[in-house]
Amino acid sequence: MSNLIQAYLDELEVEAGRTQKVLEAVPADKLDWRPASDKAMTLGQLALHVAGSPSFAVMMISDDSFDMGARGEAFKTPADKEEILAAWQQSLADMTAAIKSMDEARAMSLWTVKMGDQEIMSMPRIGVVRHIMINHMIHHRGQLTAYYRCVDTFVPATYGMSADDNPFAEAIAAAEAN
C-alpha cells in the first residue's frame, strides 16, 4: 500500500473514531426533532446522512464521475438509533475496503463532478475522497452536535472538549492536586 493511501487511512481512522462517538450519542427519542426550518433535516435524517456518507467514497473510487443532475432520493428517516449505527459500521467498512483496493495510480487519477454535460469540478480521486468525504462528514457531524445542544442532550468531545465531555479532566485535576 502506498504512503499516500496509508496516510489517508490513518486520518480516516481518527475521524471515524470521533464520528462514532457522535453517532453513539444520538438521542433515540429525538430522531424526529428538527430546527425551526422546513429546509433542515430531522436529527435522525442528519445522523443517518453522517452515518452513510462514507459509502459515497465507494462510488468515487469505482466510477470516474458523478452527475449531480441524476441525484437520488430525499434523505431517509431512520426507524431507530440502531439503524443509524448499523449504517455507519457498514458504510465505514465499505469505504475502508474501497480505499485499500486502490493503487496510487488510481488514487491520483481524475474524478469529475458534472451537472449533465457541464463539468463542475475535476481533481485527483484521493483529493476528492478526502475533501468531499472527510470534510463533508466533519461538516455534518458538527451540525449534528449543534442539534444535540438544541435538544439539551450530551455533546461528545471531538476536537478538545465540549461542555459535557472533557477528556482532559483527569489530567487537569491531577495537575491541580499537585
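Just a few scattered comments:
- Whichever residue in the stretch 101-122 is in contact with a Leu (Cβ under 7 Å, 6 or more places away or on another chain) and surrounded by fewer than 16 Cβ atoms within 10 Å (Cβ to Cβ) and, among such residues, is nearest to Glu11 (Cα to Cα): Glu104
- Failed item, numbered, when Ala79 is tested on (1) farther than 17 Å from Arg141 by Cα; (2) modelled with pLDDT under 95: (2)
- Residue satisfying all of: in the stretch 61-72; over 24 Å from Leu31 (Cα atoms) and not aliphatic (A, V, I, L, M); modelled with the lowest pLDDT among these: Arg71
- As for the stretch 152-163, it holds at least one residue that is surrounded by 13 or more Cβ atoms within 10 Å (Cβ to Cβ), under 13 Å from the mean Cα position of the chain (by Cα) and at negative phi.
- Lone qualifier among Met41, Met60 - being crowded, with 17+ Cβ neighbours inside 10 Å, over 20 Å from Ala157 (Cα atoms), among the hydrophobic types (A, V, I, L, M, F, W, C) and touching a His at 6+ places or on another chain (Cβ under 8 Å): Met41
- Against the test of being outside any helix (DSSP H, G or I), free of Cβ contacts under 8 Å to residues at least 40 places away in the same chain and either closer than 24 Å to Leu31 by Cβ or touching an Asp or Glu at 6+ places or on another chain (Cβ under 9 Å) (or both), the options Phe75, Phe154 yield a single qualifying residue, Phe75.
- Just one residue in the set Ala86, Ala36, Ala7, Ala74 is out of contact with any helix residue (DSSP H, G or I) (no Cβ under 9 Å at 6 or more places or on another chain), surrounded by fewer than 20 Cβ atoms within 10 Å (Cβ to Cβ), over 23 Å from Asp152 (Cβ atoms) and not β-branched (Val, Ile, Thr); that residue is Ala7.
- Qualifying residue in the stretch 87-105 (condition: assigned to a loop (DSSP other than H, G, I, E, B) and over 20 Å from His136 (Cα atoms)): yes
- Of the residues screened, Asp80 is one that is in contact (Cβ under 8 Å) with a residue 40 or more places away in the chain, out of contact with any helix residue (DSSP H, G or I) (no Cβ under 6 Å at 6 or more places or on another chain) and closer than 26 Å to Ala157 by Cβ.
The values are calculated or read from the model by the stated rules, or taken from the named source; none is laboratory data. Because the structure is a prediction, the values reported are computed rather than measured. Note that each Cβ is placed from the backbone with ideal geometry, even for glycine, and that neighbours are counted across all protein chains shown.
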